[in-house]
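Before anything else, here's the structure in question.
The values are calculated or read from the model by the stated rules, or taken from the named source; none is laboratory data. Since the structure is predicted, the reported quantities are computational estimates derived from the model, not experimental observations. Every residue, glycine among them, receives a Cβ derived from its backbone with ideal geometry; neighbour counts consider all protein chains shown. We work out accessible area using only protein heavy atoms, side chains counted, and drop any ligands, DNA or RNA first. Shrake-Rupley method; radii C 1.70, N 1.55, O 1.52, S 1.80 Å.
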Amino acid sequence: MATTPTPAPKTPPAPAPKTAAGTAGGRARRAGPALAVAALLAFSLFPVYWMVSSAFDPGAGTRGASVLPSGFTLDHFRYVLDTGDFTTFLANSALVGAGTVLLSGLLSLFAAVAVARFRFRMRTKVLVMILIVQMVPLEALVIPLFLQMSDLGMLNSLLGLTVVYLAFSLPFGIWTLRGFVAAVPREIEEAAYLDGCGWWRMFRSVLLPLVAPGLVATSIFAFIVAWNEFIFAFTFMQDDSKYTAAVGLHRFFGQYSTDWGAVMAGSTLITVPVLIFFVVVQRRLAGGLAAGAIK
Amino acid sequence: MSTDTTDPARHRNGNRRRDRGRTPDPERERHLARRRAQRTRALRPWLLLAPALAVLAVLLLWPLLRVVLLSFQDYGLRQIYTGTSNYTGLDNYRTLLGDSALWSTVLPNTVVFAVVCVALTVITGTLVALLLQRLGTVWRVICSTVIMMAWAMPAVTGTYVWIWIFDPLNGIVSGGLDSLGLIEPRETNWFTDRWSFYAIATLNVVHHGFPFVAITVFAGLLTIPRELPEAALMDGANAWQRFWKITVPTIKPVFMVVTILSTIWDFKVFAQIYLMPGGSGSNPDIFNLGVWSYHQSFVKNQYGMGSAIAVLLTLLLLAITVAYIRALFKERDEL
């Protein structure tokens, strides 16, 4: 997997060697990144590799460990999908994730425009408050939110869970998008006004496309919050049919012995959608972060 | 913008009163129209903020207040069923602060773990960002895709994988060390000892957290004008000096933000501890504030005590955040 990669094909403008010893330094300079890349790939990829490999390995959990799988089987996946409602859990997670992404994108964009484009009294106070609520440790809120959701009749409901995740992803969304909105030059907006654009029209056809990369970043964050969250789903969802995937997976975890093949197959099923999502949006994410930062 | 309109507005009000009963004059019409426009402009940010603020108020601020109220009560199963409250003043806090486990186990677990994780996350992330900057396009895309994968792995499945890697019976680390003859076969359980438990948790948290730092710092690096490091290079500054004298000061806000966020995230690590063997309460040695609070509430049904622990964690984070915000404000006059 992490074979030593060939040195980077193109190093950025190579600083001219200052002394005669430059060649040795140059070789070190090229070998350094190659080693660093190898270490990075190994550290980042190994858990992902080990999860997928164990999920397909017939001997996972029973044989002694080795880096190469002892064979190939779909039994673990079959077992996970046939046992209980794992497909329902995945569908629940998808539903909650989609709801959180849509709502938090919309609401945080509105709020970000408000704090980035308008100077109003209390603006700084609102910003600081948003930063502070992001600091609130969420597990500190498990107890009161449990009672709150119970009062609102939203315990054990996917909508209730979505709304909770919305609250968790909003502060980050507002802070991220604030930067993107502020990075859109005012002149572009003013030009749109001069051309007779109304505020809403300007919002839709000028601002929205320009902050789209920021929305991608916000969506990723919101989706991850919703898809990965464990403790609230674990505490709030009481019916088996309402479990999210992360909670449902917990059931394959035995008290004394664990079927690691099944746990890794379930983990793979949960992780792969996120991986696909990331790979699809990653160009836009990186580009977006860069664009937002550069202005 | 809207704040400096108060005076002219009052002035116009006076005009209007004097003008009452006269034939409409264009001057006044224009004043009124401008005032209306000003009012909508003043209202617009609040309309835009309203939905987000409403959600935050109902689901974060009110529960936050409620957890404080609960922490002053002896709130257990009986109170849940009867709906009564039983205020006991500072009793929960007195018990909590008098508990030697807080000082010898829980607080060190929380703080040392968070500090180590933040340091390792930010250092690793920054090094990876600097590496990404040096790489050519192809390797940069490969590396950023791969670190995205580390980022994309959910905390829950990531935790299961790390547990599986270090599984005492069949895990790859045990197996590997066993075959090298370094450990007694199947007898070393890293999850029972506090230090090795947290070492594994640290690996897990840093693996999950460094990509965010790397991508953000890399984006920040792109904003540094090329002339700066080139000029420094001309002046004979080495890479170390260029990093500390140019990179760090130029993108200091980026470092501040990733450090704040990592700190906040790492102080409240929960699932990664809770899901590990012994983490859900059977091994009190590895409690951190979050897990302890959850255990008191949902296992022991002492919601008041659980809330007091949660409040303590919140206060700790509040102190850190306030310190950061003050530093941030010192950097930039305006948010």
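Return the total of residues in region A:117-152 being open to solvent by 30 Å² or more (accessible area, probe 1.4 Å), more than 15 Å from residue B:57 (Cα to Cα) and at the interface with chain B (Cβ under 7 Å from one of its Cβ atoms).
Of the residues in region A:117-152, 3 are open to solvent by 30 Å² or more (accessible area, probe 1.4 Å), more than 15 Å from residue B:57 (Cα to Cα) and at the interface with chain B (Cβ under 7 Å from one of its Cβ atoms).
Give me a count of the residues in region A:105-116 that are free of Cβ contacts under 8 Å to residues at least 60 places away in the same chain and open to solvent by 10 Å² or more (accessible area, probe 1.4 Å).
Result for region A:105-116: 2.
One line per residue, one yes/no per condition, for (1) open to solvent by 40 Å² or more (accessible area, probe 1.4 Å); (2) closer than 24 Å to residue B:200 by Cβ:
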{"site": "B:216", "(1), (2)": "no, no"}
{"site": "B:222", "(1), (2)": "yes, no"}
{"site": "B:227", "(1), (2)": "yes, no"}
{"site": "B:234", "(1), (2)": "yes, no"}
{"site": "B:260", "(1), (2)": "no, no"}
{"site": "B:272", "(1), (2)": "no, yes"}
{"site": "B:285", "(1), (2)": "yes, yes"}
{"site": "B:288", "(1), (2)": "no, yes"}
{"site": "B:291", "(1), (2)": "no, yes"}
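Same structure again: Please state which one of B:44, B:35 is farther than 22 Å from residue B:308 by Cα and touching a Lys or Arg at 6+ places or on another chain (Cβ under 7 Å).
Testing whether each residue is farther than 22 Å from residue B:308 by Cα and touching a Lys or Arg at 6+ places or on another chain (Cβ under 7 Å) leaves just B:35.
Another one. Any residue at all in region A:153-161 that is open to solvent by 10 Å² or more (accessible area, probe 1.4 Å) and either within 21 Å of the chain's Cα centre (by Cα) or not assigned by TED's automatic domain parsing to the domain that holds residue A:214 (or both)? Talk me through it step by step, then tell me what you get.
Residues of region A:153-161 open to solvent by 10 Å² or more (accessible area, probe 1.4 Å): A:153-159.
Now narrow it down to the ones that are either within 21 Å of the chain's Cα centre (by Cα) or not assigned by TED's automatic domain parsing to the domain that holds residue A:214 (or both): A:158-159.
Taking every residue of region A:153-161 in turn, at least one turns out to be open to solvent by 10 Å² or more (accessible area, probe 1.4 Å) and either within 21 Å of the chain's Cα centre (by Cα) or not assigned by TED's automatic domain parsing to the domain that holds residue A:214 (or both).
Which number in (1) touching a helix residue (DSSP H, G or I) at 6+ places or on another chain (Cβ under 8 Å); (2) open to solvent by 40 Å² or more (accessible area, probe 1.4 Å) marks the one condition that residue B:97 misses?
Of the numbered conditions (1) touching a helix residue (DSSP H, G or I) at 6+ places or on another chain (Cβ under 8 Å); (2) open to solvent by 40 Å² or more (accessible area, probe 1.4 Å), the odd one out for residue B:97 is (1).
For residues in region A:52-87 being among the acidic types (Asp, Glu) and away from chain B (no Cβ under 12 Å), which is surrounded by the most Cβ atoms within 10 Å (Cβ to Cβ)?
Looking at the filtered set, the residue picked out is A:85.
Give the residue that is most open to solvent (accessible area, probe 1.4 Å), with candidates limited to residues of region B:32-64 that are in contact (Cβ under 8 Å) with a residue 24 or more places away in the chain and more than 7 Å from chain A (Cβ to nearest Cβ).
B:41
Only residues that are part of a helix (DSSP H, G or I) and either on the phi > 0 side of the Ramachandran plot or modelled with pLDDT under 90 (or both): list them for region B:268-283, please.
Hits for region B:268-283: nothing passes.
Which of the residues that make up region A:121-142 are modelled with pLDDT of 80 or more, of a type in the set (A, V, I, L, M) and in a loop (DSSP other than H, G, I, E, B)?
Hit for region A:121-142 is A:122, nothing else.
Within region B:82-89, does at least one residue satisfy the condition of being assigned to a helix (DSSP H, G or I), at pLDDT below 95 and open to solvent by 40 Å² or more (accessible area, probe 1.4 Å)?
For region B:82-89, residues assigned to a helix (DSSP H, G or I), at pLDDT below 95 and open to solvent by 40 Å² or more (accessible area, probe 1.4 Å): present.
Confirm whether residue A:16 is open to solvent by less than 60 Å² (accessible area, probe 1.4 Å) and either at pLDDT 65 or above or of a type in the set (Gly, Ala, Ser) (or both).
No, not satisfied.
Considering only residues of region A:88-104 that are open to solvent by 10 Å² or more (accessible area, probe 1.4 Å) and either touching a helix residue (DSSP H, G or I) at 6+ places or on another chain (Cβ under 7 Å) or facing chain B (nearest Cβ under 7 Å) (or both), which is nearest to residue A:220 (Cα to Cα)?
Here the residue is A:101.
May I pose another question? Return only the number of the condition from (1) among the aromatic types (Phe, Trp, Tyr); (2) in a helix (DSSP H, G or I); (3) more than 10 Å from every other protein chain (Cβ to nearest Cβ) that residue A:110 does not satisfy.
The single condition residue A:110 does not satisfy is (3).
From (1) facing chain B (nearest Cβ under 7 Å); (2) more than 26 Å from residue B:210 (Cα to Cα), pick out the condition that doesn't hold for residue A:47.
The one condition residue A:47 does not meet is (2).
Okay, moving on. Consider only pairs whose beta carbons are under 7 Å apart and that are at least six residues apart or on different chains; among these, list those whose first residue lies in region A:238-266 and is basic (Lys, Arg) and assigned to a helix (DSSP H, G or I) and whose second residue is open to solvent by 10 Å² or more (accessible area, probe 1.4 Å) and modelled with pLDDT under 85.
Going by the 7 Å Cβ cut-off, the qualifying pairs are A:251/A:84.
Taking region B:251-298 only, how many residues are farther than 20 Å from residue B:204 by Cβ, under 15 Å from the mean Cα position of the chain (by Cα) and not β-branched (Val, Ile, Thr)?
Total meeting the criteria: 2.
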